[in-house]
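Notes to accompany the following structure.
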Amino acid sequence: MAKVVVDKESCIACGVCWALAPDIFELDPVSGKTRVRDPYKKNDDEKQSVGEVPDDLAEVAKNAAASCPTGSIKVE
């Protein structure tokens, strides 16, 4: 499993991660920022969204993180 963290404070909701990894990321309709989708979401608040993705999606998450223009996504 790979841990995925979205920093909502620096996210500009440009949608790159949703386009590259729609199974992992989505728009949070409340904050207007990116969040980790169910069933991978573990914690979600106004500052960050944290989730865990299976190994077969880790590279997809890393690609989305590398493409984020603000560096708001970290994959560990």
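Each reported figure results from applying straightforward, stated rules to the coordinates on display, with no laboratory input. Note that the coordinates shown come from a computational prediction; the quantities given were computed from them, not determined experimentally. Counting neighbours? That spans all protein chains shown, and the Cβs are built from the backbone with ideal geometry, glycine included.
Computed quantities for the displayed model
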read-out	value
Extreme residue, surrounded by the fewest Cβ atoms within 10 Å (Cβ to Cβ), among residues of segment 66-76 that are touching a residue at least 60 places away in the same chain (Cβ under 8 Å) and within 10 Å of the chain's Cα centre (by Cα)	Lys74
Residue count for segment 64-76, restricted to those that are part of a loop (DSSP other than H, G, I, E, B) and among the basic types (Lys, Arg)	0
Filter result (surrounded by 14 or more Cβ atoms within 10 Å (Cβ to Cβ) and assigned to a helix (DSSP H, G or I)) within segment 1-26	Val16, Cys17, Trp18, Leu20
Qualifying positions in segment 27-63 - without any contact (Cβ under 8 Å) to a residue 24 or more places away in the chain, part of a strand (DSSP E or B) and not polar (S, T, N, Q)	Leu27, Lys41, Lys42, Asp44
